[in-house]
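Input: a single structure, listed below in structure tokens.
The values are calculated or read from the model by the stated rules, or taken from the named source; none is laboratory data. Here the structure is a predicted model, which is why all the values come from computation and not from measurement. Ideal geometry is used to build each Cβ from the backbone, glycine not excepted, and the neighbour counts take in all protein chains shown.
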Amino acid sequence: MLRRLMLGGVVVAVALVGSAGWGQAQVSVSIGINLPAPPSFVIVPGTPVAYAPAVPANYFFYGSQYYVFANGIWHVGPMYNGPWVVVAPEYIPLPILTVPVKYYRAPPPPWKKWKREAPPHWDPAWGHEWKKAHREYEKEQKAYEKAVRKEAKEQRR
């Protein structure tokens, strides 16, 4: 009898622990974007990233995910209307980070002084550790700026 009681307790404990693993806890945030339908996208030239020019937000699509940059924070969602989760800067794909400022529909005020044809200056905002981890970003940014200068020079000819 004691053995059955112990075995029953183990089965109940396993069932409780197992069911906790089956359900995923998801924390989503409201970012103030409520679209009634998927927006139209346009590819950002020279990138695999698309942006939504009719959406009054920094709204992008890349790699089957939707990205929004609002109030200095990146959000990602699996569908055009979320659910949105906050993403740490080091997890934002490089192609998203190299999108030029002019494709951000709601750029933060400090960005107005930056070159619209160049990507945002992420490293001052995210610090030395981010820059160290994203040396590739820095190379991409320099290559992009060089290509823009070359194109401008050719257009002047």
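The table below gives the values:
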{"quantity": "Wholly within the range 40-97, strands (runs of 3 or more DSSP E) carrying at least 2 residues that are in contact (Cβ under 8 Å) with a residue 40 or more places away in the chain and β-branched (V, I, T)", "calculated": "85-87"}
{"quantity": "Among the residues listed as I96, I92, the single one being at pLDDT below 90, under 11 Å from the mean Cα position of the chain (by Cα) and surrounded by 12 or more Cβ atoms within 10 Å (Cβ to Cβ)", "calculated": "I92"}
{"quantity": "Subset tally (residues that are of a type in the set (A, V, I, L, M, F, W, C) and either assigned to a loop (DSSP other than H, G, I, E, B) or at pLDDT 70 or above (or both)) for the range 125-157", "calculated": "3"}
{"quantity": "From the options W74, W122, residue that is modelled with pLDDT under 90, within 23 Å of I43 (Cα to Cα), surrounded by 14 or more Cβ atoms within 10 Å (Cβ to Cβ) and touching a helix residue (DSSP H, G or I) at 6+ places or on another chain (Cβ under 9 Å)", "calculated": "W122"}
